[in-house]
Amino acid sequence: MSEGKQIEITDGKGTRALCEAVQVSKRQVMLNILEKEIMAIPTRKLHIGIAPTKNIDRFEWFVEKATEMGISEITPIICRHSERKALKLERIQKLLVAAARQSQHFHFPILNTDCTFDKFIIQNTHVSEKSAFIAHCVETEKHELKQLSTTQNALVLIGPEGDFAPEEIENAIKAGFLPLSLGASRLRTETAGLKTVAAFNL
């Protein structure tokens, strides 16, 4: 970057600023703010609780692409069938921020610390301000994925490769989550998550 160059920056919380580089060195850049604007908060919000994949690259890919597409919040949930039981979020957070900036989002998604499925359900029991769904593979009557495009705020649970355990599905439904179909194909976890984001944005 050279002195005099103008760049657009954001704090990830809605502030957009047009700045000019006034002093540039190898270690730091001093900027002069030329314009500042507070961008409107998105009117629709999607929160996905998703089981981390065994291959961390696949989970990172989901976070990156979901961020580009405008997801609002991501919570890694540790389920009974999860092969990965813990996450190091520092690198994933950096990927999220880079994807948000590249896509020119001024409100960055929230990346929550991982928690157990049971704890997540307790925290979101009978969610009143959003439609809550659990996408699972058990044959039963389910809501269609296209329904997400008509919801103002949605919370969707995506399970691990081995699907949710039967008791997890039962507990989620008791807590107010509605069964959701992602279609006839059996999808990988990260693909299911991204398909959900795409359906919400239709």
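The values are calculated or read from the model by the stated rules, or taken from the named source; none is laboratory data. Just so it is clear, the model here is predicted, and its values are computed rather than measured. Every residue, glycine as well, gets a Cβ built from its backbone with ideal geometry; the counts of neighbours run over all protein chains shown.
Does THR191 meet the test of being of a type in the set (Val, Ile, Thr) and either at pLDDT below 95 or touching a helix residue (DSSP H, G or I) at 6+ places or on another chain (Cβ under 7 Å) (or both)? No: the conditions fail for THR191.
If you go through the stretch 70-97 one residue at a time, how many are free of Cβ contacts under 8 Å to residues at least 12 places away in the same chain and not in a loop (DSSP other than H, G, I, E, B)? Number satisfying all stated conditions: 2. Looking at ILE78, is it under 29 Å from MET39 (Cα atoms), surrounded by 17 or more Cβ atoms within 10 Å (Cβ to Cβ) and aliphatic (A, V, I, L, M)? Here the answer is no, as ILE78 does not meet what is asked. For the condition in contact with a helix residue (DSSP H, G or I) (Cβ under 9 Å, 6 or more places away or on another chain) and of a type in the set (Val, Ile, Thr), ILE122 does not qualify. For LEU111, the criteria (1) farther than 21 Å from ARG80 by Cα; (2) modelled with pLDDT under 95 hold in every case but one, which is (2). Against the conditions (1) farther than 23 Å from GLU168 by Cα; (2) in the same structural domain as ILE158 (by TED's automatic domain parsing); (3) in a strand (DSSP E or B), VAL63 satisfies every one except (3).
Residue by residue through the stretch 145-159, note down the ones that are in a loop (DSSP other than H, G, I, E, B) and either modelled with pLDDT of 95 or more or in contact with a strand residue (DSSP E or B) (Cβ under 6 Å, 6 or more places away or on another chain) (or both). Once the filter is applied, which keeps residues that are in a loop (DSSP other than H, G, I, E, B) and either modelled with pLDDT of 95 or more or in contact with a strand residue (DSSP E or B) (Cβ under 6 Å, 6 or more places away or on another chain) (or both), the stretch 145-159 yields THR151, GLY159. In the set (1) over 23 Å from ALA154 (Cβ atoms); (2) surrounded by 12 or more Cβ atoms within 10 Å (Cβ to Cβ); (3) free of Cβ contacts under 8 Å to residues at least 60 places away in the same chain, LYS26 fails one condition alone, (2).
Under the condition of being exposed (fewer than 12 other Cβ atoms within 10 Å of the Cβ), of a type in the set (A, V, I, L, M) and touching a strand residue (DSSP E or B) at 6+ places or on another chain (Cβ under 7 Å), the residues counted in the stretch 35-57 number 2. Scanning the stretch 164-180 for residues that are at pLDDT below 95 and either at positive phi or assigned to a loop (DSSP other than H, G, I, E, B) (or both) yields ALA175, GLY176, PHE177. Against the condition hydrophobic (A, V, I, L, M, F, W, C), under 18 Å from LEU187 (Cα atoms), at pLDDT below 95 and touching a helix residue (DSSP H, G or I) at 6+ places or on another chain (Cβ under 8 Å), how does VAL63 come out, does it pass? So VAL63 does not fit the description; no.
Conditions (1) assigned by TED's automatic domain parsing to the domain that holds THR53; (2) crowded, with 16+ Cβ neighbours inside 10 Å; (3) of a type in the set (Ser, Thr, Tyr), marked per residue:
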site: THR125; (1), (2), (3): yes, no, yes
site: ALA135; (1), (2), (3): yes, yes, no
site: HIS143; (1), (2), (3): yes, no, no
site: PHE164; (1), (2), (3): yes, yes, no
site: GLU168; (1), (2), (3): yes, yes, no
site: PHE177; (1), (2), (3): yes, yes, no
site: LEU182; (1), (2), (3): yes, yes, no
site: THR191; (1), (2), (3): yes, yes, yes
site: LEU194; (1), (2), (3): yes, yes, no
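Of everything in the stretch 6-23 that is surrounded by fewer than 12 Cβ atoms within 10 Å (Cβ to Cβ) and within 21 Å of PHE106 (Cα to Cα), the residue that is modelled with the highest pLDDT is LYS13.
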